[in-house]
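What follows is one structure encoded as structure tokens, with my remarks underneath.
Bear in mind that the values in this text are calculations on the coordinates, not laboratory data. Bear in mind that the values here come from a model prediction, so they are computed numbers and not experimental data. Here the Cβ positions follow ideal geometry from the backbone for every residue, glycine too, while neighbour counts run over all protein chains shown.
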Amino acid sequence: MTQTLEFISVPPETEQAPLGLIVTLHGWGANADDVASLLPFFDLPEYHFVFPNAPYPYPYAPIGRAWYDLRSENMYEGLPESRQILTDWLLSLEGVTGVPLSRTVLSGFSQGAAMTLDVGLNLPLAGLVAMSGYLHPDAGKVAKNSFPPTLITHGTQDQVVPLLAAVKARETLESIGVEVQYQEFNMGHEIGQQMLDLLRNFVVNAIA
């Protein structure tokens, strides 16, 4: 397995230096192209976007990727390695994009949201966005006292990751001192335009 991540990089549409960097992590079985297809709906033309592929193959489809195994017999297998690879890769991004972590927002959907909360709380990022996600079992045991502001969004009709997972994530993060913005939407396990509108406002405020 490679020790770095393949990724899609989309510089800003303007000739100016990017206002900030937005990294979006896909969910289990998806890939970088999947989340990159949402780019027009983010409506943030002055920002640089990066969409990485998770390091592991997805067991059920050749083009899918996984941050770690979610099958019951191998639950969370590969997570420690993925955590380290993602952390190292994020730390290398300033060298690639010219944007420091302090102007970078890490976001993710589903399994990508869980990775966002896991890795992002330990880095000096501008903000974290978790869409339809959850916390890993040992999350919240963080040996520091300042954290990036965090946006958690979730669909009330989510049949894949129960709404309770988002509520628990909010409560856990707030208990360790994270500033959490929390929003539920009447939708399933998906990224809707309302979520992206909220993400846009969060990004602009976090990086401003």
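Entry note, the chain: relative contact order of 18 percent, from Cα contacts under 8 Å with a spacing of 6+ residues.
Computed from label points 7 Å out along Cα-Cβ, the spacing between Lys168 and Gln194 is 2.4 nm. To the nearest 20 Debye, how big is the dipole of the range 146-207 about its Cα centre, given +1 on the beta carbon of each Lys and Arg and -1 on that of each Asp and Glu? Value, rounded to 20: 80 debye.
Quick check on the range 168-208: take the gyration tensor over C-alpha atoms, sort the square-rooted eigenvalues as a ≥ b ≥ c, and tell me if it's rounded (a/c under 1.5), prolate or oblate. It is oblate, given that a/c is not under 1.5 and a/b is not larger than b/c.
If exposed means no more than 12 neighbouring beta carbons inside 10 Å and the site is in a DSSP loop, what's the longest run of the chain without any exposed trypsin sites (Lys or Arg not before Pro)? By the stated rule (loop sites, at most 12 other Cβ atoms within 10 Å), 1-70. Estimated from helices alone, the mean residue ellipticity of the chain at 222 nm is -9500 deg cm²/dmol (sum of -39500 (n - 2.57) over DSSP H runs with n ≥ 4, per residue).
Applying a DSSP loop filter and a limit of 13 other Cβ atoms within 10 Å to the GluC sites (Glu not before Pro) in the range 101-208 leaves Glu179.
In a reduced charge model with +1 at each Lys and Arg Cβ and -1 at each Asp and Glu Cβ, the chain shows a dipole moment near 360 debye about its Cα centre.
Loop-located GluC sites (Glu not before Pro) in the range 1-92 (DSSP state not H, G, I, E or B) with no more than 15 neighbouring Cβ atoms inside 10 Å: Glu6, Glu13, Glu15, Glu46, Glu77.
Other residues lying with their Cβ under 13 Å from the Cβ of Pro124 contribute a combined charge of +1, Lys and Arg counting +1, Asp and Glu -1. With the simple model of a label 7 Å out from the Cα in the direction of the Cβ, Gln16 to Glu184 spans 3.9 nm. Model label sites at Ile176 and Gln159, defined 7 Å from Cα along the beta-carbon direction, differ in position by 3.3 nm. One entry in (1) 49, 36, 35; (2) 44, 39, 33; (3) 58, 44, 40 is Cα extents along the principal axes in Å calculated from the shown coordinates; its label is (1).
Fully extending the segment from Thr4 to Glu94 would add 30.9 nm, taking 0.36 nm per residue of separation and subtracting the current Cα-Cα distance. Annotation: amide H of Gln181 within the under-5 Å range of Thr150, Leu151, Ile152, sequence separation 5 or more or interchain, hydrogens built in the peptide plane.
Counting only whole DSSP H helices of the chain, the ones at least 20 Å long by C-alpha along their axis and with mean Kyte-Doolittle hydropathy no lower than -0.5 are 79-97, 193-207. Average 1/r across all pairs of distinct alpha carbons in the range 47-112, invert it, and you get the Kirkwood radius: 13.3 Å.
Taking H as built 1.01 Å from N, whose amide H comes closer than 5 Å to the amide H of Ser107, not counting residues under 5 places away? For Ser107, the qualifying residues are Val23, Thr24, Leu25, Val129.
Rounded to the nearest 0.05, the FRET efficiency derived from the C-beta distance between Val204 and Met75 at R0 = 41 Å is 0.65.
Taking the centroid of alpha carbons for each part, the range 92-149 and the range 1-59 are 14 Å apart.
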